[in-house]
Amino acid sequence: MPEGDTIFRAARTLHRVLAGQTVTRFESVYPQLTRVDAGTPLAGRTIERVEARGKHVLIWIDGGFVLRTHMRMHGSWHIYRPGERWQRPRHEMRIIIETEAIHAVGFGIPDAELITAEQLERTSVLRELGPDPLSDRFDASEAVRRLCARGEQHL
């Protein structure tokens, strides 16, 4: 099972190769993703950033879209150059985001949705997460303050 540090590294790698790039092709086996893409195509849009939030990878795409994925037990993101042979079989592919230089392929990802930034902020599973200690925005003194405020409450 991918843990927080693995998700963080995956998001950081995806950010490094995708941020600022234009989507040339989007494909998914999930009807809910392809339905959104059919109505408002992702091709031609720029990937703004990729970040980890808890065990979720968030891919921010211009126009207010966010692709949220959760790896659960066996999901992973792979990075390939166009034409490069995949290390896993095509039938395990769940999502492909292609740019001119990079193809990001999500294998075995069981949990994915393409939503707006506003919908993301209302997603209860993300709202309940505390500050991410791996984030650049993590405030250690605020975390200590919150822990101290819990008093004798068991963690």
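Any residue at all in segment 98-108 that's free of Cβ contacts under 8 Å to residues at least 12 places away in the same chain, open to solvent by 20 Å² or more (accessible area, probe 1.4 Å) and not hydroxyl-bearing (Ser, Thr, Tyr)? It would help to see each step written out before you state the result.
Keep residues of segment 98-108 that are free of Cβ contacts under 8 Å to residues at least 12 places away in the same chain, which gives none.
Checked against the condition, which is being free of Cβ contacts under 8 Å to residues at least 12 places away in the same chain, open to solvent by 20 Å² or more (accessible area, probe 1.4 Å) and not hydroxyl-bearing (Ser, Thr, Tyr), segment 98-108 yields no hits at all.
If you go through segment 11-42, how many residues are small (Gly, Ala, Ser) and loosely packed, with under 13 Cβ neighbours inside 10 Å? Walk me through how you get there before you give the answer.
Our first condition is that a residue be small (Gly, Ala, Ser); within segment 11-42, this holds for 11, 19-20, 28, 38-39.
Within this subset, residues satisfying the condition of being loosely packed, with under 13 Cβ neighbours inside 10 Å are 20, 38-39.
Selection size over segment 11-42: 3.
Is there a residue in segment 87-108 that is outside any strand (DSSP E or B), β-branched (Val, Ile, Thr) and within 17 Å of MET71 (Cβ to Cβ)?
As a first pass, look at segment 87-108 and keep what is outside any strand (DSSP E or B): 87-92, 99-102, 108.
Filter once more, so that each one left must be β-branched (Val, Ile, Thr): 99, 102.
Filter once more, keeping what is within 17 Å of MET71 (Cβ to Cβ): none.
Among the residues of segment 87-108, not one is outside any strand (DSSP E or B), β-branched (Val, Ile, Thr) and within 17 Å of MET71 (Cβ to Cβ), which makes the answer no.
Just the residues that are under 14 Å from PRO82 (Cα atoms) and of a type in the set (A, V, I, L, M), please, taken from segment 20-34.
Once the filter is applied, which keeps residues that are under 14 Å from PRO82 (Cα atoms) and of a type in the set (A, V, I, L, M), segment 20-34 yields only VAL23.
Could you tell me how many of the residues in segment 109-155 are under 20 Å from GLY64 (Cβ atoms), among the charged types (D, E, K, R) and modelled with pLDDT of 90 or more?
Counting residues in segment 109-155 that are under 20 Å from GLY64 (Cβ atoms), among the charged types (D, E, K, R) and modelled with pLDDT of 90 or more gives 1.
Which one of ARG94, ARG72, ARG68, ARG81 is open to solvent by 20 Å² or more (accessible area, probe 1.4 Å) and in contact with a Ser or Thr (Cβ under 8 Å, 6 or more places away or on another chain)? Please lay out each step first, then the result.
Working: ARG72 fails: in contact with a Ser or Thr (Cβ under 8 Å, 6 or more places away or on another chain); ARG68 fails: open to solvent by 20 Å² or more (accessible area, probe 1.4 Å); ARG81 fails: in contact with a Ser or Thr (Cβ under 8 Å, 6 or more places away or on another chain).
So the residue among ARG94, ARG72, ARG68, ARG81 that is open to solvent by 20 Å² or more (accessible area, probe 1.4 Å) and in contact with a Ser or Thr (Cβ under 8 Å, 6 or more places away or on another chain) is ARG94.
Identify all residues within segment 32-51 that are more than 12 Å from PHE65 (Cβ to Cβ) and at pLDDT below 95; write none if there are none.
Passing the criteria: GLN32, THR34, ARG35, ALA38, GLU51.
The values are calculated or read from the model by the stated rules, or taken from the named source; none is laboratory data. Since this is a predicted model, take the numbers as computed values, not measurements. Here Cβ is always computed from backbone atoms with ideal geometry, including for glycine, and neighbour counts include all displayed protein chains. Accessible surface areas use protein heavy atoms only, side chains included; no ligands, DNA or RNA. Shrake-Rupley method; radii C 1.70, N 1.55, O 1.52, S 1.80 Å.
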